[in-house]
Amino acid sequence: MIELLRGYCLEFGLELSELQLRQFNRYYELLLEWNEKINLTAITAPNEVALKHFVDSLSVAQLLPFSNTSTVPKKNISAFSFQLSALNYSSLSLIDVGTGAGFPGIPLKILFPSLKLTLLDSLNKRLKFLQAVVTELALSDVALVHGRAEEIGRSSNHRECYDVATARAVARLNVLCELCLPFVKKQGLFIAQKGAAAADELLEAGRAIALLGGELAQNISVKLPGLDDSRALIAIRKIKPTPSAYPRQAGTPERKPL
């Protein structure tokens, strides 16, 4: 796993430290161990996990806001592969909504150790796995939250408290906006990882984005080494508070998308 990941990351423009590579390797080992007990992922081959889970998650770093005035270059992640250590991420807070096996939250935390990370999931057994990962990898400043986004997004402890919210393979974009934008501070970002239907989903989500206080900031394509499939990162900036009526009751966003 270590050499596979090292090679894929270098192709993608990222150079991980030996500690980070060891952390990813242990993450992979834990993923396989726990996957025998609970359903975490159908992807288990080392080359596929390295590329389709780890590097794919790290692609989100292209859009993370590192300060009030600057962001990482949007189109070519290789352009920042050697400025990482010079930047200060200590004040950046991120919530990964419907994190599942920890993607993209845990890989981003490994890449940026000072990131203030919250992992939200509705299944406690997945959070037990994530706690094991956090402990084994000695990751600090990671909070695990059990609950549905519709409920937690109304809590004063979480509503409009985060610089960034992320979501990967959770729901269509118009649904995700209602689940994720309530967590984001004004001028913060909601970043959605999407596949081939990204453009269609973005058109479909126009009303929801505006209604929930957002505007499109970036829509960039992502090309992973050796893969021809279509991937995209959609970043929505929070420009005004989300109306108090949202998110609606659990299950409603999926049944009746905005």
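Worth a mention:
- Residue match in the range 210-222 (condition: β-branched (V, I, T) and surrounded by fewer than 22 Cβ atoms within 10 Å (Cβ to Cβ)): yes
- Among the residues listed as D200, D229, the single one being of a type in the set (D, E) and part of a loop (DSSP other than H, G, I, E, B): D229
- Yes/no for S244 being free of Cβ contacts under 8 Å to residues at least 24 places away in the same chain and part of a strand (DSSP E or B): no
- As a summary of the residue check, A138 satisfies the conditions (1) hydrophobic (A, V, I, L, M, F, W, C); (2) in contact (Cβ under 8 Å) with a residue 12 or more places away in the chain; (3) over 22 Å from Q62 (Cα atoms) except for the one numbered (2).
- Residue list for the range 36-54, restricted to those being of a type in the set (K, R) and either closer than 19 Å to K223 by Cα or surrounded by 15 or more Cβ atoms within 10 Å (Cβ to Cβ) (or both): K52
- Of all the numbered requirements in (1) in contact with a Lys or Arg (Cβ under 8 Å, 6 or more places away or on another chain); (2) modelled with pLDDT of 90 or more; (3) outside any loop (DSSP other than H, G, I, E, B); (4) not acidic (D, E), Q62 misses one, and that requirement is (2).
- Residue count for the range 168-199 under the criterion of being touching a Phe, Trp or Tyr at 6+ places or on another chain (Cβ under 7 Å), without any contact (Cβ under 8 Å) to a residue 60 or more places away in the chain and buried (at least 20 other Cβ atoms within 10 Å of the Cβ): the result is 1.
- Enumeration of residues in the range 239-258 that are under 20 Å from V170 (Cα atoms) and either surrounded by 17 or more Cβ atoms within 10 Å (Cβ to Cβ) or not polar (S, T, N, Q) (or both): Y246, P247, R248, A250, G251, P253, E254, R255, K256, P257, L258
The values are calculated or read from the model by the stated rules, or taken from the named source; none is laboratory data. Note that the structure is predicted; figures quoted are calculated from it, not measured. Positions of Cβ are backbone-derived with ideal geometry, glycine not excepted, and every protein chain shown enters the neighbour counts.
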